[in-house]
Amino acid sequence: MEKVPKTLWSFLGRFLKPYRFMVMGIVGLGLIWAAEISLTPYLMKCIIDRATGHVGDFVSLFYVLLPFALGYVGLTAINSLSFRVREWILLKLMPALRKDIWSFLYNYAMSHSYHYFQKNFSGSIANKISDVSRSVDDFLTNVAELFITKVISIAIAIVSMYFVNPLFSLVLFIFRHNLVK
């Protein structure tokens, strides 16, 4: 019988290895979200700056604003599509991952002696197995959605703020750095 990995990272690595492309897809789609959330305000700023500073007729204004407007609409459409693809991947990944973890831990528990089951309630063992499989799902979702995408989003925001005003970028970096402490 295969032993249960001792550390969190070896445990996750053992079960996520067959699904590594799906996990990388989730992270990659999260990066698209991070880019969209950070770049659309900058594109809106460019549209407003060009529109308020434009001198000329409507047709020339249209051609000045067109690339920025298409960029804004394109980012929004790509973000919407990426959310749908991400949800599809999660619908394929999470039940299979939970099943693999549950099956492995169930088989591991069943390999124990009769004496082990005399000392531990079977309901308690079953609950622990279910808790682990659900917790890996929650952990993976939180790391992909709340940690990686937020960090990348902040990094993109700092860089885009630098192009608006380097002082704003410095203030945002200091503010973010103080929040992490």
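Things to note:
- Annotation: lysines with alpha-carbon distance below 28 angstrom to Lys128 (same-chain offsets under eight excluded): Lys3, Lys6, Lys17, Lys92, Lys99, Lys119.
- The modelled label-to-label distance between Leu31 and His115, using points 7 Å beyond Cα along the C-beta direction, is 5.3 nm.
- Between Phe62 and Val171, the contour length at 0.36 nm per residue exceeds the alpha carbon distance by 35.8 nm.
- Highest-fluctuation residue, Phe15, Phe147, Phe62 considered, GNM on the chain with Cα pairs under 10 Å: Phe62
- Helix-only arithmetic for the chain: the sum of -39500 (n - 2.57) across DSSP H runs with n ≥ 4, divided by the residue total, places the mean residue ellipticity at 222 nm at -29500 deg cm²/dmol.
- For the chain, a Gaussian network of Cα nodes joined below 10 Å ranks Val164, Val136, Val27 by mean-square fluctuation, and the top entry is Val164.
- D (Stokes-Einstein, µm²/s), Kirkwood Cα radius, the chain, 0.692 mPa s at 37 °C: 163 µm²/s
- Top positive-direction residue, dipole computed over the chain with Cβ charges, set Val27, Pro5, Leu97: Pro5
- Region 52-70-region 108-165 distance, computed between alpha-carbon centres (Å): 48 Å
- For the chain, hydrophobic long helices are taken as DSSP H runs at least 15 Å long by C-alpha position along their axis with mean Kyte-Doolittle hydropathy of 0.5 or more; these are 20-53, 58-110, 149-164, 166-180.
- Spin-label proximity, Arg134 to region 1-39 - amide N less than 20 Å from point 7 Å beyond Cα toward beta carbon: 12
- Within-13-Å neighbourhood charge of Ile129 [Cβ basis; K, R +1; D, E -1]: +2
Rule-based calculations on the coordinates, nothing more; no lab input. Please read these numbers as outputs of a predicted model, since none were measured by experiment. Don't worry about glycine lacking a Cβ; one is built from the backbone with ideal geometry, like all the others, and counts go over all protein chains shown.
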